[in-house]
1. Considering only Leu133, Gly110, His53, whose Cα is most displaced toward the positive end of the charge dipole of the range 11-150, charges sitting on Cβ of Lys, Arg (+1) and Asp, Glu (-1)?
2. State the extension gain, in nm to one decimal, for the chain segment bounded by Asp39 and His146, taking 0.36 nm per residue of separation less the distance between their alpha-carbons.
3. Apply 1/(1 + (r/R0)^6) to the Cβ-Cβ distance of Thr96 and Glu73, taking R0 = 30 Å, and write down the FRET efficiency to the nearest 0.05.
4. Roughly how many debye, to the nearest 20, is the charge dipole of the range 11-150 about its Cα centre, given +1 on each Lys and Arg Cβ, -1 on each Asp and Glu Cβ, and no other charges?
5. Given N residues in the range 11-150, what is its alpha carbon radius of gyration divided by 2.2 N^0.38 Å?
6. How large is the dipole of the range 110-154 about the Cα centre if only Lys and Arg carry +1 and Asp and Glu carry -1, each at its Cβ, rounded to the nearest 20 debye?
Amino acid sequence: MSTATHEPMTCDTDALNSLLRGELSAVETYTQAMGKFDDLEVVAELQKIRDEHSRAVRELRDHVITFGGAPAESSEVWGTFTATVTATAKALGPATVLAALRQGEEHGIGAYEDALHNEDIHPDCHRMILSDLLPACRRHVEGLNHLLGCSHHD
């Protein structure tokens with residue numbers, strides 16, 4: 001017998017949508033940032049991270065729908081901020097852009113950790129965050145740290 005039958009089928013879809021907006025922002029940011037680098041190794045790593053954020057968008061969107069919510073369609077304020085950072089990427093230099101991306105990942109880690117403390121988020125969503133989304137953000141920080149260690153070029 002599935003444990004899901006014993007768990008309430010309610011979830012804080014506002015909290016999930018907040019996470020979804022963060023993931024939408026990440027996809028937008030990485031897409032813009034990829035165009036600012038000439039180093040193919042850096043672009044490949046950024047594309048890999050962006051694709052993982054795209055997968056997170058699909059997972060979160062599916063969970064919002066499952067629990068009766070209307071999924072967020074835009075990143076709103078974060079999208080405006082990240083557009084500004086990535087638009088000025090050439091002037092800022094690659095290390096600054098990579099550091100800004102890392103800061104975004106660290107913000108995402110904090111948001112996922114906060115969500116784990118939200119008792120109104122369904123246990124299935126907690127499992128998804130713990131087993132998939134949070135570890136992915138931590139891997140992204142490691143990957144960006146590696147790129148920052150290697151970014152001695154423009």
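All of the numbers you see were taken from the coordinates with simple rules; none came from a lab. Keep in mind the model is a prediction, meaning the values are calculated, not measured. Backbone-built Cβ (ideal geometry, glycine too); neighbour counts: all protein chains shown.
1. It is His53.
2. Working: separation 107, 0.36 × 107 = 38.52 nm, distance 1.41 nm.
Result for the pair: 37.1 nm of gain on full extension.
3. In this case the efficiency is close to 0.50.
4. Working: 12 positive and 23 negative charges, 89 e Å.
The dipole of the range 11-150 has a size of about 420 debye.
5. Details: Rg = 14.9 Å, N = 140, 2.2 N^0.38 = 14.4 Å.
Compactness ratio reported: 1.04.
6. On the way: 3 positive and 8 negative charges, 46 e Å.
Using only the charged Cβ atoms, the result is roughly 220 debye.
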